[in-house]
1. Starting from 0.36 nm per residue, how many nanometres of slack lie between Thr33 and Ser2 once their C-alpha separation is accounted for?
2. So how much slack lies between Ala81 and Thr42, counting 0.36 nm per residue of separation and subtracting their Cα-Cα distance, in nm?
3. What do you get for the angle between helix 51-65 and the principal long axis of the chain? Use alpha-carbon atoms, 0 to 90 degrees, nearest ten.
4. Lys12 to Ala52: FRET efficiency via 1/(1 + (r/R0)^6), r the Cβ-Cβ distance, R0 25 Å, to the nearest 0.05?
5. Restricting things to alpha carbons, find the Rg to Rh ratio for the chain using the Kirkwood radius for Rh.
6. What is the total of Lys pairs in the chain with C-alpha atoms under 14 Å apart, excluding same-chain pairs fewer than 8 positions apart?
7. Find the centroid of the Cα atoms in region 2-31 and in region 37-89, then give the distance between the two in whole Å.
8. Quick check on the chain: helices-only [θ] at 222 nm, where DSSP H runs of length 4 and up contribute -39,500 (n - 2.57) each and the sum goes over total residues. Nearest 500, please.
Amino acid sequence: MSVIITYDIPTKHREFKEKMFELGYKDSIPNATCGTIYFPNTTLYHASKTAATSRDEAQSIAKQLGIALERCVSTIWDNWAARCGEPFK
């Protein structure tokens with residue numbers, strides 16, 4: 001099953017995302033309707049993690065980087081609707 005995770009951190013945004021990318025998270029996914037769905041800046045997708053695993057990995061990476069994971073919600077990616085968004089710059 002796939003999940004999305006959204007989070008707030010105070011600093012080291014690029015470093016945090018890079019670590020999550022190394023674990024297979026994506027900031028965009030292909031979509032038949034619009035080509036690609038681009039997630040908001042602090043939202044990531046994983047095709048095969050559980051919600052609890054995603055939360056735990058985010059907590060672990062924040063700890064490794066020495067930053068606070070201020071907020072975090074991870075949920076199953078099911079029955080969704082999206083605005084596809086613009087590519088990241």
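No value in this document is a laboratory result; all are computed from the given coordinates. These numbers come from a predicted model, not from an experiment. Ideal geometry is used to build each Cβ from the backbone, glycine not excepted, and the neighbour counts take in all protein chains shown.
1. Numbers: separation 31, 0.36 × 31 = 11.16 nm, distance 1.90 nm.
Length gained, Thr33 through Ser2: 9.3 nm.
2. Values: separation 39, 0.36 × 39 = 14.04 nm, distance 1.77 nm.
This chain segment gains 12.3 nm when fully extended.
3. 50
4. 0.60
5. Ratio of gyration radius to Kirkwood radius for the chain: 0.96.
6. Here the count comes out as 5.
7. 5
8. Counting only the DSSP helices, I get -9000 deg cm²/dmol.
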